[in-house]
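Engineer: Got a structure for you, written out below as structure tokens; questions coming shortly.
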Amino acid sequence: MPADDRIAIRAEKLTREYPMGDGQVRAVEDVSFEIPAGEFAALLGSSGSGKSTLLNLMAGLDRPTSGAIYALGRNLAEMSSQELAAYRSRTVGMVFQAFNLLPRMTLEENIELPLRLAEMDRAERARRVSEAAERVRLSARLTHRPTELSGGEQQRAAVARALVNRPAILLADEPTGNLDSATGDEIMRLLSEINSALGTTIVLVTHERERALQHARRMLYLRDGRLVSNGARP
Amino acid sequence: MKNRDMIELAARNLRQALLRNFLTTIGIAVGVASLVAMLSLGAGLQGLASQKLSQSGLFNAIFVAPRVPPPRFGAPPNADVSPAAPPRSLDDDARLAIERLPGVAEVYPEIRFATEIHFADGIYATVVAGIPNSARSDGAFDGMTGTFFSSPDADEAILQISLARQLSTQPRSLLGQQIVLRYAERQPLPADPAPGNSAGGSPGFSLEPREQKLRIVGIVETEPAGGFGGIGRGRLLIPLGVAEKLGAAQAADLRDLLRDPSAPHRYANLTVRVERTSRVRSVEDSIKQMGFATYSLLDATRDLRLVFAVFDLLLGIFGSLALVVASLGIVNTLVMAILERRREIGVFKALGAADRDIRRLFFAEAGTMGLLGGVFGVLLGWLIGRGINFGTNIYLARRALPAVTISLVPIWMVISAIAFSVGVSLLAGMYPAARAAQLDPIEALRYE
Ligand SMILES: Nc1ncnc2c1ncn2[C@@H]1O[C@H](COP(=O)(O)OP(=O)(O)OP(=O)(O)O)[C@@H](O)[C@H]1O
Ligand SMILES: [Mg+2]
């Protein structure tokens, strides 16, 4: 497959099976799609439909049972685990439903962590951290620990951490799932802003159709691991 | 991840479960301490033994005998006979040549003869031995009563305690008194000897009865080992120079009778003292090259060193056991840490950490505990060694014995104990590190 910068993510007959009892569960089954670069896409579906599984495949945290998944033209299925780690470090950022900030580090240290893992030098790190903190409007809270922040602030910090490496693709798994609706809206607006201001491709997993329709420009519907619809919003 | 960040994170993680990691580190320290205490005891005792042995003078001496047909009177049965050079007679020229060899401190013949001494109207049969001046520093005369000979040719005598007891019920009172030595002097005969000339009545030389007055200056308890061939077995010790001057007939002289009587005087054997034990081998080789048979106790020390090596090994094994047990503590602590830090490891991986980074982080934690444990352990072990030393010397002092060093912590032991501690800790960290690295990030991050 030729590398194509205009396609951020592209799946081809992507299948991920899990062994269960005697048989197999197909969490993702024969899924093919393309997400153009700079897109804000929402991955919708009921619980257990395979959204998280698909997102993890895009993140290079998991490997497909069969099929191919390309990120910026490179097939993740063929990468070594070392290469996948580098891909996660440089190309994608992740945001989780549970925030997953490290409780014993300050916000600053949490946001800085991906830069440490990427072996960036210290001066540049400080610059990147303050830039990311500014974008999520947490510059004043950098010395606090996650437990001293509200849920919305914690998720904003998690978004800053996902952005600090300036990834091409931002993957978010139910980022508003633990937040009240006002705070959730705030996070959604933040993601939209990042998408339009930085041109970051965003894939958002959610089961809240309304919210997705408000912000995302492309909808992918999953049912029982199969892609049932994939289309740009009119 | 860069090393500095790695160490920073490792230190942070260690501080987080402070009590647990502290206890684990203490465990390692105790393990290292027991190892160091054991090894220091081994090193100390070995040092003590070799110090005493080198003081005895046995280990820097070489026994030289002519490599001859005919009979090898003074030579020990296992004298090393090398076919390198033709045999040569052990005469004054040879003695001079050996004296000139580098590393040689002194060369002297063994002089030992049976005689009788007169003291306070009594006559006592005994064996006289000539003692070289170098024996002064041997240690054999360390605990003696009285003094060593005032000069290498003073007319003085030191008595073995058994002889002293024969002479007097109060040996100390003998100091300063005079004894008379009666002996047979070897006198060369004129070129054309007349038969039946004297007491010896043999063609090579005659034996003349002589007397020599000696002043008692010391009494020695232990048997001084002045070299090989039994100098130590003399009961009346006189300076070697005096003994040589006396020219008393010795058992080995009979051999000369059987050979060419006109030949110059030959030594039955010579003892060579070497400046340092480390030079014994080279000096011995040179003497062999000259055409003599040699023997040194170095071969015997080799066995002794083997015994100490085994001894050290056993001490080391017992000492290491505690460290091995302590290393299980590291395994336990780190496996616990994995369980606690599951989610954190998942986050690290999601943010771009490679398996290698996770493994190195756990190794850094294990290594840090090993390093701290090693440093504290060496300190503790050293203190234990000092304690043993202190206790032993109190015990020795009560019995009026001189103080000794039985526990020794040389710098190589400090370095290798710490290195060993770090090594064992890293080994112990291998399993937890591998397990942490293999953790599935999706499992670890699954929202509960
Ligand atoms: N490790 C696993 N082993 C076995 N089955 C799994 C595993 N992970 C996921 N599954 C199954 O795969 C299917 C898809 O799971 P997935 O987590 O992707 O769903 P989801 O759409 O994210 O659901 P939710 O909205 O509840 O988060 C489910 O039926 C789940 O039980
Ligand atoms: Mg999910």
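The values are calculated or read from the model by the stated rules, or taken from the named source; none is laboratory data. None of the values given here were measured: they were computed from a predicted structure. With ideal geometry, Cβ positions are generated from the backbone for all residues, glycine too; neighbour counts draw on all protein chains shown. Heavy atoms of the whole protein, side chains included, go into the accessibility calculation; ligands, DNA and RNA do not. Shrake-Rupley method; radii C 1.70, N 1.55, O 1.52, S 1.80 Å.
Engineer: Starting from 0.36 nm per residue, how many nanometres of slack lie between B:Asn393 and B:Arg276 once their C-alpha separation is accounted for?
Structural biologist: 39.2 nm
Engineer: Could you report the buried accessible area between A and B, both sides summed, computed with a 1.4 Å probe and given in Å² to the nearest 100?
Structural biologist: When A and B are taken together, about 2600 Å² of accessible area is lost.
Engineer: Continuing with the same structure: Need one value: the accessible area of B:Lys213 in square angstrom, 1.4 angstrom probe, rounded to the nearest 10.
Structural biologist: Accessible surface of B:Lys213 is approximately 120 Å².
Engineer: GNM on chain A, C-alpha springs below 10 Å: top fluctuator among A:Ala123, A:Ala132, A:Ala157?
Structural biologist: A:Ala123
Engineer: Here is a follow-up. Tell me, what is the 1.4 Å probe accessible area of B:Ile345, in Å² to the nearest 10?
Structural biologist: Accessible area of B:Ile345: about 10 Å².
Engineer: How large is log10 I(q)/I(0) at q = 0.14 Å⁻¹ when the Debye formula is applied to the Cα atoms of chain A, each weighted equally and without solvent?
Structural biologist: -0.88
Engineer: Using amide H atoms built in the peptide plane, which far-off residues or other-chain residues are under 5 Å from B:Leu90 H to H?
Structural biologist: So B:Leu90 has HN proximity to B:Tyr267.
Engineer: Which residues in the range B:20-39 place their backbone N less than 20 Å from a point set 7 Å from the Cα of B:Arg386 along the Cα-to-Cβ direction?
Structural biologist: It comes to B:29-39, nothing else.
Engineer: Still on this structure: Which residues of the range A:17-63 show a drop of at least 30 Å² in accessible area when all protein chains are present, compared with their chain alone (probe radius 1.4 Å, heavy atoms only, ligands and nucleic acids excluded)?
Structural biologist: A:Leu61
Engineer: Related question: Assuming R0 = 45 Å, what is the FRET efficiency of A:Ala123 and A:Leu213, from their Cβ-Cβ distance, to the nearest 0.05?
Structural biologist: 0.55
Engineer: For the protein assembly as shown, what % of the accessible area comes from carbon and sulfur atoms, probe 1.4 Å?
Structural biologist: That share works out to 56 percent.
Engineer: Report the antiparallel proportion of the DSSP beta bridges in the protein assembly as shown as a percent, rounded to a multiple of 5.
Structural biologist: 70
Engineer: Multiplying the sequence separation of B:Glu116 and B:Ser168 by 0.36 nm and subtracting their Cα-Cα distance, what value in nm do you get?
Structural biologist: Separation in residues times 0.36 nm, less the Cα-Cα distance, equals 17.1 nm.
Engineer: So which residues in the range B:4-44 end up with at least 10 square angstrom less accessible surface once the other protein chains are there, compared with the chain by itself, probe 1.4 angstrom?
Structural biologist: B:Arg4, B:Asp5, B:Glu8, B:Leu9, B:Arg12, B:Gln16
Engineer: Let me ask something additional. Helix-only estimate, please: 222 nm mean residue ellipticity of the protein assembly as shown, summing -39500 (n - 2.57) across DSSP H runs of length 4 or more and dividing by its residues, to the nearest 500.
Structural biologist: -14500 deg cm²/dmol, from helical runs alone.
Engineer: Give me the lysines in straight-line cross-link reach of A:Lys13: C-alpha distance below 23 Å, same-chain residues under 8 apart excluded.
Structural biologist: Partners within reach: A:Lys51.
Engineer: Averaged over its residues, how many other protein chain Cβ atoms are within 10 Å of peptide A:105-118's Cβ atoms?
Structural biologist: Average per residue, whole number: 4.
Engineer: With heavy atoms of protein chains only and a 1.4 Å probe, what residues of the range A:66-90 have at least 30 Å² less accessible area in the full set of chains than alone?
Structural biologist: A:Gln82, A:Ala85, A:Arg88
Engineer: Okay, moving on. What FRET efficiency, computed as 1/(1 + (r/R0)^6) with R0 = 60 Å and r the Cβ-Cβ distance, is obtained for B:Lys245 and B:Ile317, rounded to the nearest 0.05?
Structural biologist: Computed FRET efficiency for B:Lys245 and B:Ile317 comes out at 0.55.
Engineer: Leaving ligands, DNA and RNA out of it, rank B:Glu208, A:Glu112 by accessible area with a 1.4 Å probe, largest first.
Structural biologist: Descending accessible area places them as B:Glu208, A:Glu112.
Engineer: Looking only at Cα atoms, what is the convex hull volume of the protein assembly as shown per residue, in Å³?
Structural biologist: Output value, Cα hull per residue: 249 Å³.
Engineer: Tell me, what is the FRET efficiency for A:Ala68 and A:Ala232 to the nearest 0.05, using R0 = 25 angstrom and their Cβ-Cβ distance as r?
Structural biologist: Calculated value: 0.65.
Engineer: Once you've got the GNM for chain A with C-alpha springs shorter than 10 Å, pick whichever of A:Ala59, A:Ala77, A:Ala197 has the biggest mean-square fluctuation.
Structural biologist: A:Ala197
Engineer: A follow-up question, please. Leaving out ligands and nucleic acids, and using a 1.4 Å probe, what accessible area per residue does the protein assembly as shown come to in Å²?
Structural biologist: 47
Engineer: Further question: Could you give me the ³J(HN,Hα) list for the range B:29-36, computed from phi with Karplus coefficients 6.51, -1.76, 1.60 and θ = phi - 60°, whole Hz, x at Gly and Pro?
Structural biologist: 4, 5, x, 5, 4, 5, 5, 5
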